[in-house]
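Take a look at the structure below.
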Amino acid sequence: MSSGEKILSSIKADSDRNIMEIKMQSKAECDKIISKGQEAAHEIRQKTEIKKAEQSARLSKAAKSRIDLEKRNMILKAKRIEIDKAVEDVLVYMKGLPDKEYFGLVYKLAATLGKKSGTVFLCSKDLARAPKDFEARLAEKGIDARLSSKPDDSISCGFILKNGDIEDNMCFDSVVAEKREAIEDLINRELFKD
């Protein structure tokens, strides 16, 4: 081999070694990049799974809250219907009492007014069935009033006491409406005991 060939052969061997080193470094660098990429992908996958689980839990909790709210609203609506029905039943019962009990209730309502005077108005039905001692019984309850001979059919039960411009509406419907909140509390406790 000539000295030129030796030089070329040495250059080729050096070049082959350099190429081999570059390939090995390149492969090591590629392996590092691939490994980091796989780690990053694994980390992203884990974070995505965690976020997906958290979002699923939030959606599940929100759905449960909506269901609970709807359930509570349905229960309240059903209770409201039952309470309204019970209040109506109370009024029907009061209006349908036999004469003695009915006017006993009228006297009790009169007693709540304290010392008052004026004219008592009843509806046609009540005026026709009023006891003969009606005014005397009202006086026992503190009401100094005379019974009007003219019916007031703007009311269906109970009475109205008028003294000039002052009017005490003791119609059962008005009394129940005025005391509705207390009546509802009582009905609610009785109907929906835990």
#### Entry: Unmet criterion (only one of (1) in a loop (DSSP other than H, G, I, E, B); (2) farther than 10 Å from Val120 by Cα; (3) charged (D, E, K, R)) for Asp152
(2)
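Can we say Val90 is in the same structural domain as Asp165 (by TED's automatic domain parsing), assigned to a helix (DSSP H, G or I) and among the β-branched types (Val, Ile, Thr)?
Working: in the same structural domain as Asp165 (by TED's automatic domain parsing): no; assigned to a helix (DSSP H, G or I): yes; among the β-branched types (Val, Ile, Thr): yes.
When the stated conditions are applied, Val90 does not pass them.
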### Task
Please list, ordered by first then second residue, the pairs with beta carbon atoms under 7 Å, 6 or more apart or interchain, first in the range 93-120 and over 12 Å from Lys141 (Cβ atoms) and in contact (Cβ under 8 Å) with a residue 40 or more places away in the chain, second surrounded by 13 or more Cβ atoms within 10 Å (Cβ to Cβ) and basic (Lys, Arg).
Gly118/Lys162; Thr119/Lys162
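Residue by residue, here is whether (1) under 22 Å from Glu190 (Cα atoms); (2) of a type in the set (D, E, K, R); (3) at pLDDT 90 or above holds:
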residue: Leu91; (1), (2), (3): yes, no, no
residue: Glu101; (1), (2), (3): no, yes, yes
residue: Gly114; (1), (2), (3): no, no, no
residue: Val120; (1), (2), (3): no, no, yes
residue: Glu135; (1), (2), (3): no, yes, yes
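Residues checked against (1) among the polar types (S, T, N, Q); (2) exposed (fewer than 13 other Cβ atoms within 10 Å of the Cβ):
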residue: Leu97; (1), (2): no, no
residue: Lys100; (1), (2): no, yes
residue: Ala136; (1), (2): no, yes
residue: Gly142; (1), (2): no, no
residue: Pro151; (1), (2): no, no
residue: Ile166; (1), (2): no, yes
residue: Asp173; (1), (2): no, no
residue: Asp185; (1), (2): no, yes
residue: Asn188; (1), (2): yes, no
### Query
Which members of the range 111-166 meet the condition of being closer than 22 Å to Lys95 by Cβ and hydroxyl-bearing (Ser, Thr, Tyr)?
Thr112, Ser124, Ser148, Ser154, Ser156
### Task
Count, please, the residues in the range 153-164 that happen to be surrounded by 14 or more Cβ atoms within 10 Å (Cβ to Cβ) and either in the same structural domain as Glu88 (by TED's automatic domain parsing) or not aliphatic (A, V, I, L, M) (or both).
5
### Task
State yes or no: is Ala136 within 20 Å of Phe172 (Cα to Cα) and not in a loop (DSSP other than H, G, I, E, B)?
no
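Do we have any residue at all in the range 98-106 that's outside any helix (DSSP H, G or I), of a type in the set (D, E, K, R) and at negative phi? Give the derivation first.
Step one: list which residues in the range 98-106 are outside any helix (DSSP H, G or I), which gives 98.
Within this subset, residues satisfying the condition of being of a type in the set (D, E, K, R) are none.
Checking the range 98-106: not a single residue is outside any helix (DSSP H, G or I), of a type in the set (D, E, K, R) and at negative phi.
The values are calculated or read from the model by the stated rules, or taken from the named source; none is laboratory data. Here the structure is a predicted model, which is why all the values come from computation and not from measurement. Cβ sites come from the backbone with ideal geometry, for glycine too, and all protein chains shown count toward neighbours.
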